[in-house]
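Just below is one structure, and these are the notes that go with it.
The values are calculated or read from the model by the stated rules, or taken from the named source; none is laboratory data. Values in this document were obtained by computation on a predicted structure and should not be read as measured data. All Cβ positions, even for glycine, are placed from backbone atoms using ideal geometry, and neighbour counts span all protein chains on display. All accessible areas refer to the heavy atoms of the entire protein, side chains included, with ligands and DNA or RNA removed. Shrake-Rupley method; radii C 1.70, N 1.55, O 1.52, S 1.80 Å.
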Amino acid sequence: MNILKNTKLIIAAIFAFIGLSSAAQTIAPQPVSGKNATKDYIQENLIYPTADLEQDNSGKVVVAMHIDKEGKASQFAVKSTFSEAAAPIAMHLAKTILWLPATHNGIAIESDHDYTIDFSAKSYKRYWKRHERYGFEAAMEADSSYAIYENQQLEESPRFNSASETNLTQYIYNNMKYPTEAKEREIQGTVRIEFVIETNGNVSNINIINSVGGGCDNEAIRLIKETHWIPGTKNGKYVRCHSLQDITFSIGNRNFQDGNSY
């Protein structure tokens, strides 16, 4: 009887240990803008190696990195690649991604992380048949340090670049689609959104600082995601710049997308 009792106690202890172990949760690092938005950013900024594209050569590049408790990535290395020409392209894109650190039971920890960038010749050709690649007449070279500057640190601030609107405020006013859910629930407010203006004038690392809900956050992301810029400058070079933008959703303002007032 004592043996049976001890056996039951041991089994109970094992299950208790398993329960505690399963409760401990480690979450891998995540891009600040989320997985899907980061994939969209990579698709828009990927420059396919010419020879691989002509030969329909597709594959993956895995970039290894170390991410500290603050989310800063370092120690980049190409772990594997389907093409030597694709490796530096993937490395460049990986270095532009900002990260939320890994966590263990909700506490930030350091971690080693692998990030995979897919190169699909078929998808690339299909995407650029439907889209027009953004470009501007560059007057200087781009900084290669990947440092991100605040606006007050720059010699010249980034400039909104659009053929149809004169400034960002007008662009937002002309292109906002007031979300259906927000209209039905009479949700209004100001979404604060942060992002990085890259040296090629595209935006990356879009992140919501102040959320409104009702679809307004997603609409704010869409609006900023579709903007293009003349990048800011420092020391005679185009540099990456951190930017903040408030986008207000106000019932009563005319929505130019459907001609109605809310």
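Annotations
- Computed over neighbours whose Cβ is under 13 Å from that of residue 134, the net charge equals -3, Lys and Arg +1, Asp and Glu -1.
- Each of 87, 98, 58 was placed along the dipole of region 54-98 (beta-carbon charges, centred on the mean Cα), and the one lying farthest toward the positive end is 98.
- Per DSSP, loop trypsin sites (Lys or Arg not before Pro) in region 94-138 with at most 11 further Cβ within 10 Å: 133
- According to the Kirkwood relation over distinct C-alpha pairs, the hydrodynamic radius of region 66-183 is 18.9 Å.
- Summing charges over neighbours of residue 62, with a neighbour being any other residue whose Cβ is under 9 Å away from its Cβ, gives +1 when K and R count +1 and D and E count -1.
- Here the accessible area is traced with a 1.4 Å probe on the protein chains. For region 92-181, carbon and sulfur cover 47 percent of it.
- Restricting region 127-186 to GluC sites (Glu not before Pro) that sit in a DSSP loop and have at most 14 other Cβ atoms within 10 Å of their own Cβ leaves 132, 137, 141, 150, 155, 186.
- Simple Cβ-charge dipole of the chain, Lys/Arg +1 and Asp/Glu -1, about Cα centre, in debye nearest 20: 800 debye
- In this structure the chain gives 58 Å² per residue of accessible area when probed at 1.4 Å with all protein chains present.
- Across the alpha-carbon set of region 122-262, the Rg to Rh ratio works out to 1.02, Rh being the Kirkwood radius.
- Kirkwood hydrodynamic radius over Cα pairs of region 130-183, then Stokes diffusion coefficient at 10 °C and 1.306 mPa s, in µm²/s: 106 µm²/s
- Among the listed pairs 69/183; 95/125; 95/183; 39/234; 79/177; 72/122, those beyond 32 Å (Cα-Cα): 69/183; 95/183; 79/177; 72/122
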